[in-house]
There are 2 protein chains.
Amino acid sequence: MKDRLHGVLLMNVEVPTLDRVAEKKARQRLDRLTKPQGSLGRLEDLAAQIAGMKGQPVPQIGRKVIFTVAADHGVVEEGVSAYPQSVTVQMVLNFLRGGAGINVLARHVGAEVIVVDAGVAGEFPPMDGLIRRKIRPGTANMAKEPAMTRSEAEQTVEAGMQIFTQVYEKGGIGLVGLGDMGIGNTTASSAITAVLTGSSVRAITGRGTGLEDAALDRKVQVIERVLQLHRPDPDDALDVLHKVGGFEIGYLAGITLAAAQRRVPVIVDGFITTAAALIAWRICPEVRHYLVASHRSVEPGHATALKTMELQPLLDLRMRLGEGTGAALAMGLVEAACKILTEMATFDEAGVDEKAE
Amino acid sequence: MKDRLHGVLLMNVEVPTLDRVAEKKARQRLDRLTKPQGSLGRLEDLAAQIAGMKGQPVPQIGRKVIFTVAADHGVVEEGVSAYPQSVTVQMVLNFLRGGAGINVLARHVGAEVIVVDAGVAGEFPPMDGLIRRKIRPGTANMAKEPAMTRSEAEQTVEAGMQIFTQVYEKGGIGLVGLGDMGIGNTTASSAITAVLTGSSVRAITGRGTGLEDAALDRKVQVIERVLQLHRPDPDDALDVLHKVGGFEIGYLAGITLAAAQRRVPVIVDGFITTAAALIAWRICPEVRHYLVASHRSVEPGHATALKTMELQPLLDLRMRLGEGTGAALAMGLVEAACKILTEMATFDEAGVDEKAE
């Protein structure tokens with residue numbers, strides 16, 4: 001697939017294989033800790049996986065960063081969202097003032113939120129915590145024309161990679177969470193997920209921020225029409241992104257690729273960030289080994305997307321907010337899992353008798 | 001039922017009804033916060049429930065305490081556990097040195113662990129973080145005689161109530177987690193759960209710390225024999241505790257009762273602490289409104305016990321360690337839920353447009 005990619009960065013995406021030695025050493029240590037073997041269930045699996053991702057038998061979490069990437073969507077003209085487009089810019093300001101759900105949950109788990117303007121329909125002054133790197137103020141209405149040009153699709157992925165790299169090189173990143181904001185972006189995500197999982201639009205389209213029945217029907221019809229109009233190529237992730245994507249989704253795919261390249265575990269949030277992960281996975285299938293699924297959203301396409309990548313969500317709390325809120329909660333669990341490896345005593349250290357034979 | 005209880009404390013157990021006004025105010029505030037209504041799913045339900053329990057529309061969590069109560073079980077003579085009895089005393093020392101799973105996860109969520117010796121087969125010197133209040137060094141072998149006298153059963157519940165009250169009166173408790181330690185205590189919990197849920201022993205008995213198939217069969221047979229021998233009265237929780245209980249289970253039931261009396265939410269851990277919650281619930285059905293189920297353990301009886309009390313676990317991570325480890329993880333989620341209420345901005349405050357009509 002790489003021959004179809006023109007960008008210099010994209011041509012050089014190489015994701016390292018998991019470190020099976022580190023993973024095995026982590027499992028051996030888990031089995032010597034003062035608890036019945038395997039009794040911490042998925043926390044133990046998670047700890048061993050993180051060890052394999054990071055290449056550290058006793059993984060240090062380090063700095064936790066959630067990238068909440070925002071952009072607008074021309075397709076809102078078709079009446080596919082319960083909220084007006086103005087909410088995207090207003091919510092970005094809310095993120096920067098610390099009053100949104102993602103701010104509360106990120107603070108709770110000790111993670112930093114970095115907000116990215118990938119293409120919001122509105123201008124922001126320079127502000128702390130905001131990376132201003134707009135492609136343009138919202139995608140085109142994909143019901144009429146491709147959401148963005150193919151060149152813009154490449155730019156979004158590369159911009160995501162560069163943003164990750166800049167932040168990583170400045171202060172390090174030990175764990176990254178994906179977050180999104182963009183009125184209309186469940187429509188783009190449904191289109192992407194339908195194409196990349198081979199599912200029917202009806203089966204994977206949901207109410208987003210809260211559509212009623214009639215509006216949900218209209219949303220499904222709009223997406224079906226869009227897919228008939230553009231016929232995105234399921235074997236070419238950039239074609240899909242170009243025709244039915246969103247700027248924030250391309251950025252998040254790029255962040256995922258760049259994180260996996262550097263062995264940084266990526267915590268996927270809900271439906272939109274999972275659509276971004278699908279794009280990244282189609283560009284480079286090895287990224288899948290660096291993904292942790294935080295939760296199962298109530299958007300019906302989310303479970304399908306996760307299953308396609310063989311990811312098991314950690315939480316199932318009927319959430320559907322996005323922003324990275326599920327990723328933040330899961331970060332707390334991932335860090336807990338790693339602390340099991342770093343802080344628990346072994347049977348020997350604690351002088352505790354082992355299981356009788 | 002109260003006429004059967006002799007203890008002065010137990011005679012006076014009165015649990016306040018939930019504060020529906022506080023709960024409603026919390027729900028109204030949740031609906032005004034900058035997110036689609038209901039989009040934080042169970043976190044929102046949890047926040048409203050805690051508001052109703054505490055009687056505070058914007059609930060403050062305060063000091064978080066996990067009581068990890070330890071005791072030994074005479075029934076281990078019957079070969080019902082994969083680990084030797086010596087592990088109970090050794091693990092208590094491990095708790096006090098901070099090297100056990102519960103220590104790691106409690107630190108992670110900022111909770112204090114208070115260890116209680118309710119009847120460990122071994123002596124401890126005075127140590128920080130340990131409450132020494134032993135009934136005696138382990139229950140009798142319930143395969144031969146009642147695990148404890150009826151008077152001791154009452155003492156355990158009252159001791160739990162007193163311990164909670166002492167700690168509460170000294171530094172306050174805003175959220176309490178239940179934890180257990182005791183080799184053999186899944187056997188007692190299976191017996192209690194079978195009686196109080198009306199289930200077959202086979203259906204609710206599991207491998208505990210890791211029994212093989214033949215040993216699991218023996219454990220089931222032992223419990224069936226015990227129940228035939230003593231015929232505990234399912235309508236009399238103290239009769240059940242007296243004949244097939246454990247000291248730590250009685251203490252945990254008492255802690256639950258005392259917490260509910262003071263409007264303190266109780267986070268139940270796995271199978272053993274849920275057996276304790278069943279006892280408390282049978283003594284005073286209103287305690288149920290103050291319970292939060294942290295996770296679903298792999299012990300097969302756990303789901304049955306939770307269902308009997310109509311509790312939905314927050315997490316399902318294949319855990320089976322006990323000690324309060326699941327309660328600790330869930331504490332992080334409960335606190336996150338409350339922070340949504342205390343820290344998120346409303347639409348008005350943030351200047352964000354509401355849903356289109």
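The values are calculated or read from the model by the stated rules, or taken from the named source; none is laboratory data. Fair warning: this is a prediction, and the values are worked out from it, not measured in the lab. Here Cβ is always computed from backbone atoms with ideal geometry, including for glycine, and neighbour counts include all displayed protein chains. What goes into the accessible areas is simple: the full protein's heavy atoms, side chains included, and nothing from ligands, DNA or RNA. Shrake-Rupley method; radii C 1.70, N 1.55, O 1.52, S 1.80 Å.
Determine the distance separating the Cα centre of the range B:251-280 from the Cα centre of the range A:303-319; give it in Å without decimals.
The distance from the Cα centre of the range B:251-280 to that of the range A:303-319 comes to 32 Å.
What FRET efficiency comes out for residue B:216 versus residue A:216 if R0 is 45 angstrom and r is the Cβ-Cβ distance? Round to the nearest 0.05.
Efficiency, from the Cβ-Cβ distance: 0.40.
With an 8 Å cut-off on Cα pairs and a minimum separation of 6 or more residues, tell me the relative contact order of chain B in percent.
Relative contact order of chain B: 25 percent.
Antiparallel as a % of all DSSP beta bridges within the protein assembly as shown, to the nearest 5?
Rounded to the nearest five, the antiparallel share is 5 percent.
Below 8 Å between Cα atoms, with a sequence gap of 6+, how large is the relative contact order for the range A:155-314 in percent?
Value for the range A:155-314: 32 percent.
To the nearest 20 Debye, how big is the dipole of the range B:64-333 about its Cα centre, given +1 on the beta carbon of each Lys and Arg and -1 on that of each Asp and Glu?
380 debye
Where the centre of each part is set by its Cα atoms, how far does the range B:164-188 sit from the range A:52-107, in angstrom?
38 Å
Carbon and sulfur together cover what percent of the accessible area of chain B at a 1.4 Å probe radius?
47 percent
Tilt of helix B:86-97 relative to the longest C-alpha principal axis of chain B, in degrees (0 to 90, nearest 10)?
30 degrees
Quick one: what are the phi-derived ³J(HN,Hα) couplings along the range A:211-219, Karplus 6.51/-1.76/1.60 with θ = phi - 60°, whole Hz, x for glycine and proline?
6, 7, 4, 5, 5, 5, 4, 5, 4
Considering the dipole of chain B built from charges on the beta carbon (Lys and Arg +1, Asp and Glu -1) around the Cα centre, which of B:230, B:12, B:347 is farthest to its positive end?
With unit charges placed on the Cβ atoms, the residue in question is B:347.
What are the aspartates and glutamates whose alpha-carbon lies under 14 Å from the alpha-carbon of residue B:339, with same-chain residues fewer than 8 places away excluded?
B:44, B:45
My understanding is that a pair violates if its Cα-Cα distance is over 32 Å; which of A:54/A:243; B:54/B:307; B:24/B:134; A:25/A:355; A:35/B:25 do that in this structure?
A:54/A:243; B:24/B:134; A:35/B:25
Using only Cα atoms, find the angle between the long axis of helix A:150-171 and the longest principal axis of chain A, and express it within 0 to 90 degrees, rounded to the nearest 10.
40 degrees
Got a sec to turn the phi values of the range B:334-340 into Karplus ³J(HN,Hα) couplings, 6.51 cos²θ - 1.76 cosθ + 1.60 with θ = phi - 60°, whole Hz, x for Gly and Pro?
5, 5, 4, 4, 5, 5, 3
Return the sequence-ordered ³J(HN,Hα) values of the range B:24-33 in whole Hz as given by the Karplus equation 6.51 cos²θ - 1.76 cosθ + 1.60 applied to θ = phi - 60°, using x for Gly and Pro.
5, 4, 4, 4, 5, 5, 4, 6, 9, 6
Averaged over its residues, how many other protein chain Cβ atoms are within 10 Å of peptide A:96-107's Cβ atoms?
Average neighbour count from other chains, rounded to a whole number: 5.
Tally the DSSP beta bridges in chain A and give the antiparallel ones as a percent, rounded to 5.
If I count the DSSP bridges inside chain A, around 5 percent turn out antiparallel.
In degrees between 0 and 90, to the nearest 10, how far off the longest principal axis of chain A does helix A:185-197 point, with axes built from Cα atoms?
The angle comes out at about 70 degrees.
Could you give the accessible area per residue of chain A, probe 1.4 Å, as a whole number in Å²?
34 Å²
Regarding chain B, what is the average projected area of its C-alpha convex hull, in nm²?
17.9 nm²
Long-range amide H contacts for residue B:113: which residues qualify at under 5 Å (H placed 1.01 Å from N, peptide plane, sequence gap of 5 or more or a different chain)?
Amide H neighbours of residue B:113: B:66.
Give the B-A buried accessible area in Å², both sides summed, 1.4 Å probe, nearest 100.
4700 Å²
What are the residues whose amide H is under 5 Å from the amide H of residue B:267, where those residues sit 5 or more places off or on another chain and H is modelled from the backbone?
Hits under the 5 Å cutoff: B:176, B:177, B:178, B:292.
Which cross-chain or sequence-distant (5 or more) residues have an amide H under 5 Å from the amide H of residue B:69, H modelled 1.01 Å from N in plane?
Hits under the 5 Å cutoff: B:116, B:179, B:180, B:181.
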